[in-house]
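What follows is a single structure, written as structure tokens, with notes after it.
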Amino acid sequence: MPSSDYDPASLPDLLPLYYRRLFPFSQYYRWLSYGGVQKNYFQNREFSFTLKDDIYVRYQSFSTQNELEKEMQKMNPYKIDVGAVYSHRVIFHTLQSFAADICSKCWTLMTIAIRILDRALQDDFGFQHRLWVYSGRRGVHCWVCDEAARKLSVAARSAVTEYLSLVKGGDETIKKVVLTEPIHPFISNSLKVVKEYFSRYALHDQDLMGSKESVEKVLALVPEDILFLQEFKKEKKPEKRWELIEAEALRKQSTAKKGQYFENEIMLQYCYPRLDANVSKGVNHLLKSPFSVHPKTGRISVPINVSELDKFDPFSVPTISLICEELDRPRPGEEKEKVEDAKEKADEKDAIEKRKSRDYKRTSLAKYIKYFDQFLDGMARSWKGERLRNSDLQKEF
């Protein structure tokens with residue numbers, strides 16, 4: 001069943017199967033307990049469930065993985081949101097102006113956003129454990145899981161968010177990006193990314209230099225004393241029109257006393273990511289959980305492998321209907337697995353975990369859980385160092 005065949009009316013029937021056989025509870029608990037470095041970290045985590053008919057259940061907490069698992073299998077939430085652990089969380093949520101759903105042309109903005117922000121979080125702030133997650137519809141967010149990030153104060157979170165914010169002002173603001181000398185290295189690095197995609201995204205996919213309305217908006221961002229208007233109006237090709245703007249920018253830069261960067265300001269205004277400042281700064285916001293199901297699209301909220309970002313296609317992300325259908329397909333070695341299951345009944349808990357592992361590996365969800373495992377392995381190496389440091393501190397007198 002292709003992902004486009006998802007029917008929202010089928011969700012009540014599919015969710016019990018998903019939570020019973022496919023949801024990666026073991027990895028999920030491993031992620032949210034942070035290796036047990038800090039006592040009661042998982043137990044103090046807030047969960048929120050949205051049930052059928054928009055019934056909203058907040059302030060849930062669980063002592064163990066088994067307790068969480070049983071409750072989710074009993075309630076079968078349409079949506080799972082995760083809250084903070086007494087302020088220990090940093091999230092960067094990106095906002096873009098999309099319609100109710102996304103198109104492949106618009107998704108380029110998310111690719112730009114992830115590349116810009118991920119580089120900055122790693123190189124400028126030193127954060128190593130960054131989990132990018134697709135919402136299942138039109139958004140992405142980044143969970144920064146480093147210990148240093150989790151302990152940031154509200155003021156420090158605000159400072160990081162401000163550092164990453166370039167586009168300022170609402171609909172009433174015409175010029176939303178203003179560059180001054182010297183150009184900060186973060187802006188220069190961001191421009192390198194934007195320039196890679198600008199021609200394809202803005203000039204071709206969005207036809208920025210095509211329609212009269214969009215052209216007027218662009219020209220409103222250039223200085224009033226521009227010299228190319230007549231030539232610009234005669235030129236019809238989008239690429240040639242943009243080349244005229246770039247040429248005029250170079251001319252202004254060579255003659256003006258102050259730096260003129262209006263071509264870069266235009267590119268950033270149209271392509272730089274908008275952050276959800278309230279989510280990024282605050283500590284009491286809920287955020288959609290990885291491996292939650294989007295009830296309108298049916299797509300699973302999956303981790304994104306940034307090293308393969310340009311290959312990520314939101315439209316190929318599996319839906320709950322697809323993976324449940326894949327689960328029922330006959331496969332080689334099925335009889336052997338039934339024999340193994342019978343032998344494992346002596347240890348029912350281990351048998352259930354092994355069956356779950358085999359179940360998700362039969363579906364399109366497998367590669368996303370595999371990447372999640374790799375991400376957790378990287379975190380585990382840092383947890384080991386933290387536990388050793390904590391152990392050494394406890395031995396001090």
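Put simply, the Cα atoms of the stretch 167-274 extend 37, 32, 29 Å along their principal axes, the longest span coming first. Per-residue SASA remark: Asp53, around 130 Å² accessible (1.4 Å probe; ligands, DNA and RNA not included). Given contacts defined as C-alpha pairs under 8 Å and at least six residues apart, what's the relative contact order of the stretch 167-274, whole-number percent? In percent, rounded to a whole number, it is 41. Under a model in which nothing but the beta-carbon of Lys, Arg (+1) and Asp, Glu (-1) is charged, the stretch 167-274 shows a dipole of about 120 debye around its Cα centre. Computed over protein heavy atoms with a 1.4 Å probe, the accessible surface of the stretch 167-274 works out to 58 Å² per residue.
Among the GluC sites (Glu not before Pro) within the stretch 104-185, those in coil by DSSP and having at most 10 neighbouring Cβ atoms inside 10 Å are Glu172.
Approximating the spin labels as points 7 Å out from Cα along Cα→Cβ, the Glu239-to-Cys103 distance works out to 2.2 nm. For the stretch 6-65, what class follows from the C-alpha gyration tensor (a ≥ b ≥ c being the square roots of its eigenvalues): rounded when a/c is under 1.5, otherwise prolate if a/b is larger than b/c, else oblate? Oblate shape, in that a/c is at least 1.5 and b/c is the bigger or equal ratio. Heavy-atom surface analysis with a 1.4 Å probe gives the stretch 208-327 a carbon and sulfur content of 49 percent of its accessible area.
The values are calculated or read from the model by the stated rules, or taken from the named source; none is laboratory data. Since we're looking at a predicted model, the values are computed, not measured. Reconstructed Cβ throughout: ideal geometry from the backbone, glycine too, with neighbour counts over all protein chains shown. These accessible areas exclude ligands, DNA and RNA; they are computed on the full protein's heavy atoms, side chains included. Shrake-Rupley method; radii C 1.70, N 1.55, O 1.52, S 1.80 Å.
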